[in-house]
Amino acid sequence: MMPTWPDDRLDAIRAWLKANNINPSDVPIRGDLYLEPDPDGGQRIAYEAFHLDSQGRKHVDERGTGAAIERRTTPLLVDPPDWWEPYRKPTREQLLEAVTRVRALHQQEGDYCAICTTDYGRLCAPWPCPTIKALEIP
């Protein structure tokens, strides 16, 4: 789950990024931010950053819906705050596996979904149920 921090903790994360030579303004609030082993034996910070042009402006992503993001790493110079927890968005494969698990739960039983029931245990959602419909790609 994406971390949400009060302002004082967000300020501490920004200070930690600066101490590690990372411009906090370049790091999206919901971007990946975690530690990984460095090939030299130490640790490095792996993070997502806005892809900027030569004048420091954000590039638009390939869909034209937001800012372009790139993965970066930098050596870990200063340890993160004790309370900090790394964040990594789920991979495409992990998301597809979750969809597969949900589809496996919701199966057709006659004209209804076998899992969607009332409080009394009766089938109540016509097939395809709202969950299966939500998983369909328009």
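Extension gain for the segment D82 to Q55, taken as residue separation times 0.36 nm less the Cα-Cα distance, is 6.1 nm to one decimal. Sort out the exposed loop chymotrypsin sites (Phe, Trp or Tyr not before Pro) in the chain (DSSP loop, at most 14 other Cβ within 10 Å) and tell me the longest stretch that has none. Answer from the scan: 1-82.
Straight-line reach from K133: taking Cα to Cα under 20 Å and skipping same-chain neighbours fewer than 8 places apart, the aspartates and glutamates in range are E97, E109, D111. With the cut-off at 1.5 for a/c, could you classify segment 45-138 from its C-alpha gyration tensor as rounded, prolate or oblate? Prolate is the answer for segment 45-138, as a/c is 1.5 or above and a/b outweighs b/c. Net charge dipole, the chain: roughly 320 debye, given to the nearest 20, about the Cα centre with Cβ charges of +1 for Lys and Arg and -1 for Asp and Glu.
Rounded to a whole number, what % of the accessible area of the chain do carbon and sulfur atoms account for, probe 1.4 Å? C and S fraction of accessible area: 50 percent.
Calculated mean residue ellipticity at 222 nm for the chain: -7000 deg cm²/dmol, from DSSP H runs with n ≥ 4 weighted as -39500 (n - 2.57), summed, divided by the residue count and rounded to 500. Relative to the longest principal axis of the Cα atoms of the chain, the long axis of helix 92-105 makes an angle of roughly 20 degrees. What the chain shows is 72 Å² of accessible area per residue, with the surface traced by a 1.4 Å probe over protein heavy atoms. Taking the longest Cα principal axis of the chain as reference, the axis of helix 7-19 is set at about 50 degrees.
The values are calculated or read from the model by the stated rules, or taken from the named source; none is laboratory data. Here the structure is a predicted model, which means the values were calculated and not measured. For neighbour counting, all protein chains shown are included, and Cβ atoms are generated from backbone atoms with ideal geometry for every residue, glycine included. The accessibility values were calculated without ligands, DNA or RNA, using every heavy atom of the protein model including side chains. Shrake-Rupley method; radii C 1.70, N 1.55, O 1.52, S 1.80 Å.
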